[in-house]
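The values are calculated or read from the model by the stated rules, or taken from the named source; none is laboratory data. The shown structure was predicted, so the numbers you read here are calculated from the model rather than taken from an experiment. Cβ sites come from the backbone with ideal geometry, for glycine too, and all protein chains shown count toward neighbours. The accessibility values were calculated without ligands, DNA or RNA, using every heavy atom of the protein model including side chains. Shrake-Rupley method; radii C 1.70, N 1.55, O 1.52, S 1.80 Å.
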Amino acid sequence: MPTEDRSLELSPGDFRRLIDGAARRAVDHVASLPEQPSADVEGGVELARSLVEPLPETGRPAEELLDLLFDRVIPKSFNTAGPGYVAYIPGGGLPHSAVADFIADATNRYVGVFAAAPGLAQIETNVVRWLADILGYPEGARGILTTGGSLATFSAVVAARRDRLPENFLSGMLYTSDQGHHAIEKAALLAGFPAANVRRIASDERFRIRLDALESAIGEDRAAGRTPFFVVGNAGTTNTGAVDDLAALAALCERDRLWFHVDGAYGGFFRLTVEGRRRMAGIERSDSAVLDPHKGLFLPYGTGALLVRDGEKLKRAHALTAEYLPSMQEAPDLVDFNLLSPELSRDFRGLRVWLPLKMHGIGPFRTNLEEKLDLTRLAARGLAEIPGMEILAEPQLSIVAFRRAAEGREGADLDELNRDLLARVNGRQRVYLTGTMLRGRFAIRICILSFRTHRDRIEMALEDIRAAAADIRGSGEDEHG
Ligand SMILES: Cc1ncc(COP(=O)(O)O)c(C=O)c1O
């Protein structure tokens, strides 16, 4: 028997003190998010190295550890939860989900097998059903919550592969636009396909997949004896938020009997808005779709979702069982998540989606997403008014891509000027933007997707971009060179 001081059990008093210490710091941290710099990683490498240590033999007081995290480690990072984070794809991090994770971990129930926690498995089943409803999928749809969009895409490719290809599947071909997320290539590789089996199809002037180019590629592959089977439509690309013509892709895939997958990791939840629903017409005809609640539902990182229109196909690709497991459910409405997913033991992800949705209902999520669409239009209008600023991608959802044009400067030289502009904007530490390459040209993006980003912050972004552009002019950098 362990002696008292060796026990890993926290006394009720110590447990409460640990929770209170963490809660007090987390609440203060969240309250100060708007005042925190939009990014501060100066000295981050030194900090990382100073944290290297061997496996500790003895313990330290909890207060000391919480101070280390909140005072030294957490501040040295991008302020991804703050209102100024309009970089990459923001999420926000609803604190409700942090509390849900706390409950899930403190109770430590097992939801991968229905019999082990029927009510909790049902809560997760409800969440998956709500996501299927958002997509417009029928009753027979099933899905899983994953750690993110990348793993959800992996399971989509595996489900399609098992449904459409023979055991020897190496002739199977996958298609996405040249704007598709690299998660698609990664999923294909992990699912066993050679890199050359993923075809990048040219996109049009608005960064949407070109249907004619797709049809030609499919035709060429068929003629060469390869087996087209998986077409990805983008419901919001990472670069510019471009939405492919999903209805046309659905028709093509139905006609050619191809698996139609939609990558809605970033943009899918905009289907909750009137405009998003119009842009994404056809998504409901897809065979599978990825949604990332840690993006469009503003959750903390760690929750993606895969929905499959015909749930049996997801199950056939993943269902395996063993003698040491309890029996699985026969009733079609009761879900054993381990039969639909690569995972057996895992955290109870459903609760982090369920708690905020139950506390607020979907209304405020929809309003927030509508606000993000409006703010992006506002940002695009404001940018267009800055002399010399060129909009490279008008918003289709909540991303606008732009760059500064400068007479006499082009190619790598102009890219350099824009990298400088970006660094100057970020250096002001009120907003954090990132760049990308569009058709070989460096572009700056604003991506608005945090429930904490409102009009005041977008006005700050415009002010800082204007000021940074003026600084560059003042320093003679954009003079005819
Ligand atoms: C369009 C798109 N697809 C897939 C992914 C990958 O998702 P995750 O980062 O959740 O794995 C992302 C991430 O930003 C994305 O924007």
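Things worth noting here:
- In angstrom, the C-alpha Rg and Dmax of the stretch 335-467 are 19.4, 63.
- Each distinct pair of alpha carbons in the stretch 22-81 adds a 1/r term; the inverse of their mean, the Kirkwood radius, is 13.0 Å.
- Looking at the chain, the accessible area is 47 square angstrom per residue; that uses a 1.4 Å probe and ignores ligands, DNA and RNA.
- Spin-label proximity, N126 to the stretch 308-336 - amide N less than 13 Å from point 7 Å beyond Cα toward beta carbon: none
- DSSP assigns beta bridges within the chain; of those with both partners inside it, close to 60 percent run antiparallel.
- Note on the stretch 308-355: Cα-only Rg and Dmax are 11.9, 35 Å.
- 13 Å reach of a label modelled at R455, 7 Å along Cα-to-Cβ, counting backbone N of the stretch 26-50: none
- By the rule of a C-alpha distance below 21 Å, with chain neighbours fewer than 8 residues away ignored, the lysines paired with K358 are K295.
- In plain terms, if you count all Cα to Cα distances in the chain and split them into 10 Å steps from zero, the share in each step is 4, 18, 25, 25, 18, 7, 2, 0 percent.
- Applying 1/(1 + (r/R0)^6) with R0 = 22 Å to the Cβ-Cβ distance of L334 and R257 gives a FRET efficiency near 0.10.
- The ellipsoid equivalent to the alpha-carbon distribution of the stretch 26-129 has semi-axes of 32, 22, 13 angstrom, derived from the gyration tensor eigenvalues as √(5λ) and listed largest first.
- The Stokes-Einstein estimate for the stretch 218-268, based on a Kirkwood radius over Cα pairs and taken at 37 °C with 0.692 mPa s viscosity, is a diffusion coefficient of 280 µm²/s.
- Seen from every direction in turn and averaged, the convex hull around the alpha carbons of the stretch 260-368 projects onto 8.1 nm².
- The stretch 345-419, Rg to Rh (Cα coordinates; Rh as Kirkwood inverse mean 1/r): 1.26
- P(r) for the stretch 202-301, from all Cα pairs and a bin width of 10 Å, is 16, 46, 28, 8, 1 %, short bins first.
- The order of the peptides 146-159, 222-235 by mean Cβ neighbours within 10 Å, most packed first, is 146-159, 222-235.
- With N counted as the residues of the stretch 118-186, its alpha-carbon radius of gyration over 2.2 N^0.38 Å works out to 1.34.
- Loop sites by DSSP among the GluC sites (Glu not before Pro) of the chain, restricted to those with at most 14 other Cβ atoms within 10 angstrom, leave 206-322 as the longest stretch without any of them.
- Sulfur and carbon atoms: percent of accessible area, the chain [1.4 Å]: 54
- Rounded D (µm²/s) - the stretch 141-232, Kirkwood Rh over Cα pairs, Stokes-Einstein at 4 °C, 1.567 mPa s: 95
- Sites Y110 and D413, calculated FRET efficiency, Cβ-Cβ separation with R0 45 Å, nearest 0.05: 0.15
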